[in-house]
Amino acid sequence: MRYSYLMRLGFVGAMAVGISSCAVFQPNKKANSKTAAAAKKKPEKGDIQPYSKVITKDAKSDEGLFTVHKLKENYFYEIPDSLFNREMLMVTRIAKTATNIGFGGGKQNTQVLRWEKKDKQVLLRVVSHQIYAADSLPIHEAVVNSNFEPILYSFPIKAFKKDSIANNTVIDVTELFNKDVKALGFPESRRKSYKISRLDEKRSYIDTIRSYPLNVEARHIKTYNAGAPPSNSSTGSISLMMSNSMILLPKEPMKRRYFDQRVGWFARGQVDYGQDAQKSKTLTYLDRWRLEVKDEDKAKFERGELVEPKKQIVYYIDRATPKKWRLYIKQGIEDWQVAFEAAGFKNAIIAKDPPSVEEDPDWSPEDVRYSVVRYLASPIPNANGPHVSDPRSGEILESDINWYHNVMTLLRNWFFIQTAAINPDARGVEFKDEVMGRLIRFVSSHEVGHTLGLPHNMGSSVAYPVENLRDPEFTKKYGTAPSIMDYARFNYVAQPGDGDVALMPNIGIYDKYAIKWGYRPILNESAKDEKETLDAWILEHAGDPMYRFGKQQSGVIDPSSQTEDLGDDAVLASQYGIANLKRIVPNLFEWTKEDGKDYEDLETLYGQVLSQYNRYMGHVSNNIGGVYEYYKTYDQDGAVYTHVPKEKQENAMKFIQDELFTTPEWLIDQEIFNRIEFDGNLERIRGYQVRTLNNILDFGRMARLLENEEVNGSKAYGLLDMMTDLREGLFNEVRNGKTINRYRRNLQRAYIERLEMLMTEEQSAIPAAYRRYVSRSNIDVSQSDIRPVVRGELETLQGQVKRASNRTGDKMTKYHLKDLAERIDLILNPITKP
């Protein structure tokens, strides 16, 4: 009895010494008084306190992944033990912004985090998946030693909560979001642009922190003191709302599918030191949703029957979306069903309305379990489809499509300018709801494609012969491009009288092929072993332009992979496009007029005519010095890179001379100018001409012309050929003794100025932040043939203008030619300062 009693009192340690020891049983008044005093002593700063002392009854608590408590201005995370050392993805976005500072929803940073408990602290560590080796391999230890996880923030433990369900740890996270933790705020590159010096903590605060079953969403206002704020400069600062989404990653990563550049896909890479290769090898794998076959359906799937996936891809339409547009956005989402059927799935992608507030008051688009088309009241004329994916496997966890209200203005402008010549429904500034609805459906489909993992495929539209775009039967079957992920836009090629041609792309042949390639499960094979099958799927269509992927370029080298173009012949397509613009300009006044309204729409749509015209000049001029890029592997015949044929480059130069450098009189409409401006036409025409002129006389383009001539000899369109054709076209009045009008004089002076730049400047450096995005041909100008050729052209032209100035009877022409001769002389014989 006595032994059992002592055990209940916790005196087992005393029993080991001996139960007869009096000190164990006799009361010690001095010791007891010390114990009582200690109990009454206030806890020191940093001490772990009882849960009820930290999380009081006044706390407002939000249960989810973590329980989030708010007490006055402080926020506490209550973290279950089961979530320590689990990897979580932190996505930092701009939630709300001021003018000219990005856009709402713009992703700023992504990183993997891990919460770790150490002694009396909780550490928030940054995890990298850039390098890897399986833990079964000897090299794994070296990888771990080279991949130490930095500590982003340290939190003293405030309290523990222990009950029969779980053990939880409480920390105060207020300073994580109130302080200037750069990884969770405005990125360093943007800070430099606006000369941000520091965070103003007095004007920064936490807006909300909410917890959901799989994620915690924090929103906080950041105010930075800035030397060059892009707007509201009187404040000397910029303020914006940052959003941090912390998402629990799956315990078991999805099986990867490895990337192949012949099929366009958003992808991510990891250096795997465990590969059996004599170098460090980067493995690149796709971003894609986890679409899996149910166990009970695997036999059906293997027989070629369509099956429903274990988990569908579901998009909810934001409650804020106007009711009349919801149907069209849903249709754009579910248009992708046909592509997933090619991958073996039915009902793989679904659009739904969210529950009402009464049905589910806790439903929120911030909950990572829901992908939402978010309707934003914003003047930004755009839509975009970002997604969040697991860096370990590429699994897309959720996606929110940002749909800005003003995208309808963008659609109105495109549809008007590109189709009004043949399409009565586009002739006006307000379209019928069913017309605008069809345009919204088109954009919805395009943006959903991004959220499925597909990037822009700018090499798609070149698959169709231009004349086929005027054929109703062909376009009804194939649309305007094999991929809706191209910027094929609307059918500007079709002419009046062509009949009921299709005006836009649909989910096309390439889209079905790409979704099959990326999503069709290959059962019972590892990610490595399935590559043979994936390669075979590509080779089935090798050489077929409808299945080609062409990347989006910043600085066009490959003219067959451009934005906003149509068809396989830029000259012919642009000639048709200009013919339609010539039909639109005389009707602009009639098609935009409305009693009691000013001329804002007339000005806007005339500007759209000019923009479309300028696109045609770019589409064509990029063929000069162009190089095609068609991705191939060793088991495919032919070159990856080939120069644009000589004849095609010569035709491009002739088009530019005829349609742009010869003054485009049809664009000069005084009836329009009288209503929209007091001046500007001369400078506007000059600007468009100079933009294309400078595009042709670009260091990189000239480098490719030199390379082409060296490789292909007389079969090439070389730099000398191009410079001669350009000079003879720009100065044909000099050779023919004609009067030179003001537009042409402006252009000729711009040509001389550009040649001076080529003689005196070096190729500009690409800023480090943009090197991965910009492709161009680099050349050491001073060591190349560029300057000798330019010097020769200047000397030839100088002789020509001097002779012509003595022959002309027009005084302004004479003055102009004499001025040109003097300008050239200053370039060839610069005056040196003493």
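The values are calculated or read from the model by the stated rules, or taken from the named source; none is laboratory data. On a predicted model such as this, the values are computed, not experimentally measured, just so you know. Here the Cβ is made from the backbone with ideal geometry for all residues, glycine too, and neighbour counts use every protein chain on show.
Please report, ordered by residue number, the strands (runs of 3 or more DSSP E) entirely within the stretch 353-409 with at least 2 residues that are small (Gly, Ala, Ser) and at pLDDT 85 or above. Before you say what the answer is, go through the steps one by one.
Details: elements: 371-376, 387-389, 396-404.
Filter on the stretch 353-409 gives an empty set.
To keep it simple, each residue is scored yes or no on (1) modelled with pLDDT under 90; (2) in a loop (DSSP other than H, G, I, E, B).
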residue: 164; (1), (2): yes, yes
residue: 186; (1), (2): yes, yes
residue: 192; (1), (2): yes, no
residue: 216; (1), (2): no, no
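Quick check on residue 674: is it crowded, with 16+ Cβ neighbours inside 10 Å and assigned to a helix (DSSP H, G or I)? Give the derivation first.
On the way: crowded, with 16+ Cβ neighbours inside 10 Å: no; assigned to a helix (DSSP H, G or I): yes.
In short, no.
Looking only at residues in the stretch 562-575 that are farther than 19 Å from residue 647 by Cα and surrounded by 22 or more Cβ atoms within 10 Å (Cβ to Cβ), which one is farthest from the chain's Cα centre (by Cα)?
Residue satisfying both the conditions and the ranking: 566.
Among the residues of the stretch 161-187 satisfying the criterion of being more than 18 Å from residue 72 (Cβ to Cβ) and hydroxyl-bearing (Ser, Thr, Tyr), which is surrounded by the fewest Cβ atoms within 10 Å (Cβ to Cβ)?
The qualifying residue surrounded by the fewest Cβ atoms within 10 Å (Cβ to Cβ) is 164.
Looking at this structure, is residue 748 part of a helix (DSSP H, G or I), touching a residue at least 40 places away in the same chain (Cβ under 8 Å) and under 16 Å from residue 823 (Cβ atoms)? Talk me through it step by step, then tell me what you get.
Working: part of a helix (DSSP H, G or I): yes; touching a residue at least 40 places away in the same chain (Cβ under 8 Å): yes; under 16 Å from residue 823 (Cβ atoms): yes.
Yes; evaluated as a whole, the condition is true for this residue.
Checking residue 324 against (1) surrounded by 14 or more Cβ atoms within 10 Å (Cβ to Cβ); (2) closer than 30 Å to residue 408 by Cβ; (3) in contact (Cβ under 8 Å) with a residue 60 or more places away in the chain; (4) more than 24 Å from the chain's Cα centre (by Cα), which single condition isn't satisfied?
Here residue 324 meets the rest and fails (1).
For every residue, the table says whether it meets (1) farther than 30 Å from residue 540 by Cα; (2) in contact (Cβ under 8 Å) with a residue 60 or more places away in the chain; (3) over 29 Å from the mean Cα position of the chain (by Cα).
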position	(1), (2), (3)
588	yes, yes, yes
596	yes, no, yes
616	yes, no, no
633	no, yes, no
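Taking the stretch 281-296 as the search range and keeping residues that are free of Cβ contacts under 8 Å to residues at least 60 places away in the same chain and under 31 Å from the mean Cα position of the chain (by Cα), which one is surrounded by the most Cβ atoms within 10 Å (Cβ to Cβ)?
283
Can you go through 350, 329, 333, 317 and tell me which one is surrounded by fewer than 22 Cβ atoms within 10 Å (Cβ to Cβ) and not small (Gly, Ala, Ser)? It would help to see each step written out before you state the result.
On the way: 329 fails: surrounded by fewer than 22 Cβ atoms within 10 Å (Cβ to Cβ); 333 fails: surrounded by fewer than 22 Cβ atoms within 10 Å (Cβ to Cβ); 317 fails: surrounded by fewer than 22 Cβ atoms within 10 Å (Cβ to Cβ).
Answer to the check: 350.
Which one of the conditions (1) of a type in the set (A, V, I, L, M); (2) out of contact with any Ser or Thr (no Cβ under 6 Å at 6 or more places or on another chain); (3) surrounded by 17 or more Cβ atoms within 10 Å (Cβ to Cβ); (4) in a loop (DSSP other than H, G, I, E, B) does residue 209 fail to meet, given that it meets all the rest?
Of (1) of a type in the set (A, V, I, L, M); (2) out of contact with any Ser or Thr (no Cβ under 6 Å at 6 or more places or on another chain); (3) surrounded by 17 or more Cβ atoms within 10 Å (Cβ to Cβ); (4) in a loop (DSSP other than H, G, I, E, B), only one is false for residue 209: (4).
In the stretch 243-266, how many are surrounded by 19 or more Cβ atoms within 10 Å (Cβ to Cβ) and touching a Phe, Trp or Tyr at 6+ places or on another chain (Cβ under 7 Å)?
7
Please go through the stretch 297-315 and pick out each residue that is of a type in the set (A, V, I, L, M, F, W, C), free of Cβ contacts under 8 Å to residues at least 60 places away in the same chain and not in a helix (DSSP H, G or I). Before you say what the answer is, go through the steps one by one.
Initial filter on the stretch 297-315 (of a type in the set (A, V, I, L, M, F, W, C)): 299, 301, 306-307, 313-314.
Among the residues that remain, those that are also free of Cβ contacts under 8 Å to residues at least 60 places away in the same chain are: 299, 306-307, 314.
If the condition is that a residue be of a type in the set (A, V, I, L, M, F, W, C), free of Cβ contacts under 8 Å to residues at least 60 places away in the same chain and not in a helix (DSSP H, G or I), then 306, 307, 314 are the ones that fit.
Kindly indicate whether any position in the stretch 586-598 is touching a Lys or Arg at 6+ places or on another chain (Cβ under 9 Å) and among the aliphatic types (A, V, I, L, M).
Checking the stretch 586-598: not a single residue is touching a Lys or Arg at 6+ places or on another chain (Cβ under 9 Å) and among the aliphatic types (A, V, I, L, M).
With a cut-off of at least 2 residues that are under 25 Å from the mean Cα position of the chain (by Cα), name the helices (runs of 4 or more DSSP H) lying wholly within the stretch 433-526. Can you show your working first?
Values: elements: 433-451, 472-478, 509-519.
Here the list reads 433-451, 509-519.
Any residue in the stretch 725-737 that is part of a helix (DSSP H, G or I), modelled with pLDDT of 95 or more and among the small types (Gly, Ala, Ser)?
Yes: one or more hits.
Specify which of the listed residues (358, 366, 341) is at negative phi and free of Cβ contacts under 8 Å to residues at least 12 places away in the same chain. Steps first, answer last, please.
Details: 366 fails: free of Cβ contacts under 8 Å to residues at least 12 places away in the same chain; 341 fails: free of Cβ contacts under 8 Å to residues at least 12 places away in the same chain.
Being at negative phi and free of Cβ contacts under 8 Å to residues at least 12 places away in the same chain holds for just one of 358, 366, 341, which is 358.
Consider residue 54 against the criteria (1) of a type outside the set (D, E, K, R); (2) in contact with a Leu (Cβ under 9 Å, 6 or more places away or on another chain); (3) at pLDDT below 50: it satisfies all of them except one. Which criterion is unmet?
Tallying (1) of a type outside the set (D, E, K, R); (2) in contact with a Leu (Cβ under 9 Å, 6 or more places away or on another chain); (3) at pLDDT below 50, residue 54 fails exactly one: (3).
Right, residue 127: of a type outside the set (Asp, Glu), surrounded by 15 or more Cβ atoms within 10 Å (Cβ to Cβ), modelled with pLDDT under 85 and farther than 21 Å from residue 212 by Cβ or not? Talk me through it step by step, then tell me what you get.
Working: of a type outside the set (Asp, Glu): yes; surrounded by 15 or more Cβ atoms within 10 Å (Cβ to Cβ): yes; modelled with pLDDT under 85: no; farther than 21 Å from residue 212 by Cβ: yes.
The answer is no for residue 127.
Tell me whether the stretch 96-103 contains one or more residues that are touching a residue at least 60 places away in the same chain (Cβ under 8 Å), assigned to a strand (DSSP E or B) and surrounded by 21 or more Cβ atoms within 10 Å (Cβ to Cβ).
There is no residue in the stretch 96-103 that is touching a residue at least 60 places away in the same chain (Cβ under 8 Å), assigned to a strand (DSSP E or B) and surrounded by 21 or more Cβ atoms within 10 Å (Cβ to Cβ).
Suppose the filter is touching a Pro at 6+ places or on another chain (Cβ under 9 Å) and crowded, with 16+ Cβ neighbours inside 10 Å; does residue 618 pass it?
Details: touching a Pro at 6+ places or on another chain (Cβ under 9 Å): no; crowded, with 16+ Cβ neighbours inside 10 Å: yes.
When the stated conditions are applied, residue 618 does not pass them.
Among (1) within 21 Å of residue 754 (Cα to Cα); (2) more than 27 Å from the chain's Cα centre (by Cα); (3) among the hydrophobic types (A, V, I, L, M, F, W, C), which single condition is residue 676 missing?
(1)
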